Amino acid sequence: MPTGFGRLWTAQTVSSLGDGVTQAALPLIALTLTRDPMALAVVTAAGTLPWLLFGVLGGALVDRWDRRRTMWVVDAARAALLAVPAMAAALDALSIPLLAAVAFLLGLGGLFFDTAATAYLPDLLRRDPALLERANSRLRGAQTAMSGFVGPPAGSALLALGRAVPLLADALSFLLSALLVRALPATSRPAPEARESLLRQARAGASYVFRDRVLLGLALRPAVGNVAFIAVETVLALFAHERLGIDTYGFGLLLTAEATGGLLGAGVASHLGRRLGTGTALTCTAALEGLAVLGLAAAPNPYVAGLALAVCGAGMGATMVLAPSLRQAIVPARLMGRVASTSRMLAMCAAPVGAFLGGWLATAYDIRTPLYAAAGLLLAMTAVTASMTSNRRVEAALSAAAAADGPDSPVSEAGADVTAPGS
């Protein structure tokens with residue numbers, strides 16, 4: 001692994017810890033201001049709006065900009081942004097509109113940072129599929145550990161010291177991340193395209209996804225998966241309480257089981273890819289998710305439910321390593337930002353559909369119905385996309401990408417920059 005990857009890994013680990021702190025603290029801070037469920041929902045929803053409104057356009061901008069500079073400037077801006085609500089908290093001037101605006105701007109920064117990081121990583125690792133799987137496994141594992149295990153309890157504990165404290169802690173994490181990213185090695189920018197409007201370039205990136213069967217299969221998995229998983233998440237707390245007799249503490253343990261499975265899945269993803277082939281491994285992990293949700297729906301007690309969620313988390317963790325690694329290996333550098341943001345936007349747009357579906361099915365039928373429906377969706381999606389991301393198609397896509405990256409290509413030059421002393 002190039003030396004620069006360690007800095008990127010550390011930066012994202014620190015930033016994920018800050019994200020976990022804020023994800024736990026922000027709703028709790030909002031709760032100190034109002035008990036209105038709609039107002040609380042506005043703060044939560046504000047963070048997802050940038051992906052829905054600007055996802056593809058953001059990817060087009062990232063493809064125009066220097067990716068390393070985009071990452072550190074965005075993190076520095078997010079650090080400065082969090083100083084505003086921290087100061088307002090110290091002056092007892094916090095409000096729901098201010099928190100919603102901060103959540104929106106943090107989400108907008110996340111759009112640009114995540115897209116730029118996704119586009120930068122293949123250049124850093126010379127688009128080597130094996131290195132990309134190892135790198136994404138480590139990044140995903142660190143993100144799950146920090147934002148899923150360490151960050152939320154830390155955020156709750158810091159909030160006890162004052163409403164400004166968790167916000168300042170997250171600001172510090174962004175600042176450290178910006179400094180680490182600033183020290184990353186430079187990579188060559190893709191050759192500029194013919195001067196086109198931003199909208200036309202965004203449309204070209206989206207159409208690239210829909211025309212390529214492998215990329216479309218990779219995009220459909222999180223899109224359909226989000227419908228299913230959000231449908232489950234919408235009723236999970238009620239299901240756990242009414243059908244499994246789980247209290248608040250037990251529900252926290254149930255979610256921890258899922259996160260633990262996610263860590264395990266991220267850790268074994270590369271091994272699965274080598275043993276089964278990336279295409280077959282993706283089909284197996286998708287089927288595992290569907291079967292695990294089916295097991296959760298039929299769970300007779302909390303222990304079986306916890307095991308089902310752990311298995312589901314393992315499938316999700318492995319998928320979220322294998323799919324991005326494959327996408328990064330086969331997409332041309334000049335389109336990477338737009339392709340990544342298009343895929344992410346499709347997944348984000350699916351989330352409200354899942355929330356509505358889960359609530360409607362639980363109201364119209366039974367609390368288990370959304371879980372059975374989600375399992376059916378996941379298994380149907382697995383069957384539809386299995387041929388789209390088969391080993392044969394994946395190998396053909398990798399071969400085509402390798403042939404396109406000749407000795408004079410921008411990617412090859414980027415690889416040389418990465419390994420040069422003093423970069």
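Worth a mention:
- Cα gyration tensor shape of region 212-265, rounded if a/c is under 1.5, else prolate or oblate by comparing a/b with b/c: oblate
- A protection proxy built from the mean count of other Cβ atoms within 10 Å ranks the segments 357-366, 231-240, 312-321, most packed first, as 312-321, 231-240, 357-366.
- Largest mean-square fluctuation among Leu161, Leu175, Leu184, in a Gaussian network model of the chain whose springs join Cα atoms under 10 Å apart, belongs to Leu161.
- Accessible area of the chain divided out per residue, in Å², using a probe of 1.4 angstrom: 43 Å²
- When each of the peptides 130-143, 202-215 is scored by the mean number of other C-beta atoms lying within 10 Å of its residues, the order from highest to lowest reads 130-143, 202-215.
- For the chain, the dipole from Cβ point charges (+1 on Lys and Arg, -1 on Asp and Glu) about the Cα centre works out to 740 debye, to the nearest 20.
- The overall shape of region 28-95, judged from the alpha-carbon gyration tensor, is oblate: a/c is not under 1.5, and a/b is no greater than b/c.
- Cα-based shape type of the chain, given that a ≥ b ≥ c are square roots of the gyration tensor eigenvalues and the cut on a/c is 1.5: oblate
- For the chain, the share of accessible area belonging to carbon and sulfur comes to 67 percent (1.4 Å probe, ligands and nucleic acids excluded).
- Restricting the calculation to alpha carbons of region 1-136 gives Rg and Dmax of 16.9, 51 angstrom.
- Averaged over residues, the count of other Cβ atoms within 10 Å places the peptides 114-127, 94-107 in the sequence 114-127, 94-107, highest first.
- Mean shadow area of region 248-293 over all directions, Cα convex hull, nm²: 3.3 nm²
- Across region 56-140, the mean sequence separation of Cα contacts (distance under 8 Å, 6 or more residues apart), normalised by length, yields a relative contact order of 41 percent.
- Choice from Gly225, Gly262, Gly277 with maximal GNM fluctuation in the chain (Cα, 10 Å cutoff): Gly277
- Short-range pairs are left out: with C-alpha atoms under 8 Å and at least six residues apart, the relative contact order of region 111-259 is 24 percent.
- Alpha-carbon centroid distance for the pair region 301-327 / region 1-69, whole angstrom: 22 Å
The values are calculated or read from the model by the stated rules, or taken from the named source; none is laboratory data. Predicted model only: the values in this text are computed from it and were never measured. For neighbour counting, all protein chains shown are included, and Cβ atoms are generated from backbone atoms with ideal geometry for every residue, glycine included. Only protein heavy atoms, including side chains, enter the accessible area calculation; ligands, DNA and RNA are left aside. Shrake-Rupley method; radii C 1.70, N 1.55, O 1.52, S 1.80 Å.
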